[in-house]
Structure formats: structure tokens, C-alpha cells
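What follows is a set of notes on a single structure, which appears directly below.
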Amino acid sequence: GQPCLAHGDIGAGNILFQDGRVSGIIDWGFCGLGDPAQDLGALLASYGEAFAARVCRHFPALGGGLARARFYRRQYALLQALFALRDGDQAEFDDGIAAYR
């Protein structure tokens, strides 16, 4: 896909819900021009393959984005493991490594 405005940290913790619907998205500190599959990769990590595929169906401009999103999902898992290693958080490290695999 063409570069676009990307949130940069659109994981589950930054999406607000009310009455079963998205009511807001917070924490735009990493926002910038980027690959739309980057945000899709974060959604993939948070909500799984079926959800990410559904997003792709609703946003055809992502064309081929799911394959790139899988790359970003693995990148996020490695970052999770690295930050956990830095912070001495073994459980978080183990989760990151498991998600990478």
C-alpha cells in the first residue's frame, strides 16, 4: 500500500470501547507517515488473523497488507521481548518470544 498516516502503536491498549463499539483511539505519540500494514500488524498481534483479514476486506487499499502485517507482528513480538529483557520481566519476555515463533 501507499504510505499513509499511521498510528504507530495501535495495539489493544490504545483502542477504547463503549457499548461494544470503538469509541476512541489514544496515544498518538508515534503517529507519522508509514506503511498501513504497520498498524495492521499491531491489530494482528492484538486481535488475531481473522480480525486482520476482516480489516483488509473493508479497506481494499491495503492490498497485500496482510502478508506485510505478519512481518510487523513478528517485529512487535521481538520488541516486546527486548523491552522485557531490559526491564527484567521474564513473563513478558517469554510472551514476546512465543508470539515471535
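Rule-based calculations on the coordinates, nothing more; no lab input. Everything numeric in this text was worked out from a predicted model, so none of it was measured. Please note: Cβ atoms are built from the backbone with ideal geometry, for glycine as well, and neighbour counts cover all protein chains shown.
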What are the residues in the stretch 48-57 that are under 11 Å from the mean Cα position of the chain (by Cα) and assigned to a helix (DSSP H, G or I), if any?
Ala52
For residues in the stretch 58-101 being under 14 Å from the mean Cα position of the chain (by Cα) and basic (Lys, Arg), which is surrounded by the most Cβ atoms within 10 Å (Cβ to Cβ)?
Arg73
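Report the residue count in the stretch 1-15 for those that are assigned to a helix (DSSP H, G or I) and loosely packed, with under 15 Cβ neighbours inside 10 Å.
Pass one, the stretch 1-15, residues assigned to a helix (DSSP H, G or I): 12-14.
Cutting the leftovers down to loosely packed, with under 15 Cβ neighbours inside 10 Å gives us 12-13.
Result for the stretch 1-15: 2.
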Taking the stretch 33-54, which residues are surrounded by fewer than 18 Cβ atoms within 10 Å (Cβ to Cβ), out of contact with any Gly (no Cβ under 6 Å at 6 or more places or on another chain) and not acidic (Asp, Glu)?
Leu33, Gly34, Tyr47, Gly48, Ala50, Phe51, Ala53, Arg54
Answer yes if at least one residue in the stretch 16-28 is acidic (Asp, Glu), surrounded by fewer than 19 Cβ atoms within 10 Å (Cβ to Cβ), under 14 Å from the mean Cα position of the chain (by Cα) and on the phi > 0 side of the Ramachandran plot, and no otherwise.
yes
